Amino acid sequence: MALQAIKARETEKFYSEMIEYEGEMIEAKVKAGERFTEADWAKWEGHDNRFHSSLYKWLDLGVGWFPGAREMIEEVDPRSLTIPDWGNLDSLLPGSNAVTKYKISVIKFRNWQRVRNQVRTAIYHAAFGGPNSGDLLQSIPGGGPTVERVLGDYDG
């Protein structure tokens, strides 16, 4: 289990770096208050596709170590799409579909940022133990990682 956890730690780190980079890129132009051209939107969609691809690969690994991670990250409350905190995205993005797509991606990115340390901690403790690692793994909702769950994630 420890060797699987060490491998998982490196895989998790790789996908986390990809998610972090692409997540920052999907937010960058809006944070700067810059209006999207068609070419800008095409580039944004490329970043969004890479973000989601990396996120899904990260989740395939992560749920073996933290059950419920997928639901916690992918859950997008429809009410969160209409709160005024978003500002006037209509003036920046090319249409209402783009606004919705942007909001959903940003929400998933922020959800991932909240959950990732729980996955990292579970992997770390499985790899390197600690005085209370067994207690920590048993405190994970749905139970800690099992050999079957972790190997099942690698078998696809």
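In the stretch 83-120, of all residues being aliphatic (A, V, I, L, M) and part of a helix (DSSP H, G or I), the one that is nearest to Asp40 (Cα to Cα) corresponds to Ala98.
Please verify whether Gly68 is surrounded by 12 or more Cβ atoms within 10 Å (Cβ to Cβ), of a type outside the set (A, V, I, L, M, F, W, C) and at positive phi, treating the condition exactly as stated. Judged against the criteria, Gly68 is a match. Scanning the stretch 26-41 for residues that are in a helix (DSSP H, G or I) and in contact with a Lys or Arg (Cβ under 7 Å, 6 or more places away or on another chain) turns up just one, Asp40.
Within the stretch 19-29, the set of residues being touching a residue at least 40 places away in the same chain (Cβ under 8 Å) and surrounded by fewer than 19 Cβ atoms within 10 Å (Cβ to Cβ) comprises Glu27 only.
Just checking, how many residues over the stretch 1-41 are among the aliphatic types (A, V, I, L, M), farther than 21 Å from Gly87 by Cα and within 22 Å of the chain's Cα centre (by Cα)? Counting residues in the stretch 1-41 that are among the aliphatic types (A, V, I, L, M), farther than 21 Å from Gly87 by Cα and within 22 Å of the chain's Cα centre (by Cα) gives 5. Kindly evaluate Lys13 against the criterion of being open to solvent by 30 Å² or more (accessible area, probe 1.4 Å), closer than 17 Å to Thr100 by Cα and free of Cβ contacts under 8 Å to residues at least 40 places away in the same chain. Criteria not met by Lys13.
The values are calculated or read from the model by the stated rules, or taken from the named source; none is laboratory data. Computed from a predicted structure; not experimentally measured. Methodologically, a virtual Cβ is constructed for each residue, glycine included, from the backbone with ideal geometry; neighbour enumeration extends over all protein chains shown. Quick note on the areas: whole protein, heavy atoms, side chains included, nothing else; ligands and nucleic acids left out. Shrake-Rupley method; radii C 1.70, N 1.55, O 1.52, S 1.80 Å.
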